[in-house]
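Comments concern the structure below.
The values are calculated or read from the model by the stated rules, or taken from the named source; none is laboratory data. What you see is a predicted model, and the numbers here were worked out from it, not measured in a lab. With ideal geometry, Cβ positions are generated from the backbone for all residues, glycine too; neighbour counts draw on all protein chains shown. Areas reflect the complete protein model, heavy atoms only, side chains present, ligands, DNA and RNA absent. Shrake-Rupley method; radii C 1.70, N 1.55, O 1.52, S 1.80 Å.
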Amino acid sequence: GLEEIVPRPVRDTGNILKQGYLEKRSREHSFFGSEWQKRWCVLNRRTFYYYASEKSKQPKGNFSIEDYSARLAFHLRKDSRRRCCFELICPGKRTYE
């Protein structure tokens, strides 16, 4: 017979390549421009997940990294973190900063 697969949080799958906090630029623009939001991020071989915090059970979002590439993007910030900035880009899809 077939064994039922119980969904588990991505952090428990054992397939994690990297995880930790990043700041992600929001898509919505406020009066002050786009805001940077601290998110707990998890990367496995196929998917990038982001959570409100390390303790969150459900991701706020995720996307397949299959066609994405990364590049440094010093222009995104003017503060001391500018040398750490990068973009995840894919033609025809949302760019993550």
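Tabulated values for the structure
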read-out	value
Within the range 43-79, tally of residues that are over 16 Å from ARG25 (Cα atoms) and among the small types (Gly, Ala, Ser)	3
Hey, ARG39 open to solvent by less than 50 Å² (accessible area, probe 1.4 Å), within 15 Å of LYS18 (Cα to Cα) and of a type in the set (D, E, K, R) or not	yes
The range 63-81 - residue that is among the hydrophobic types (A, V, I, L, M, F, W, C), outside any loop (DSSP other than H, G, I, E, B) and without any contact (Cβ under 8 Å) to a residue 24 or more places away in the chain and, of those, nearest to VAL42 (Cα to Cα)	ALA70
Subset tally (residues that are at pLDDT 90 or above and small (Gly, Ala, Ser)) for the range 28-82	8
Residue list for the range 44-58, filter: within 14 Å of TYR21 (Cβ to Cβ) and either out of contact with any Cys (no Cβ under 8 Å at 6 or more places or on another chain) or surrounded by fewer than 15 Cβ atoms within 10 Å (Cβ to Cβ) (or both)	ALA52, SER53, GLU54, LYS55, SER56
Residues that are within 10 Å of the chain's Cα centre (by Cα) and either outside any strand (DSSP E or B) or not aromatic (Phe, Trp, Tyr) (or both), drawn from the range 82-97	LEU88, GLU97
Any hit, the range 2-24, residues being at pLDDT 85 or above, among the basic types (Lys, Arg) and within 13 Å of the chain's Cα centre (by Cα)	yes
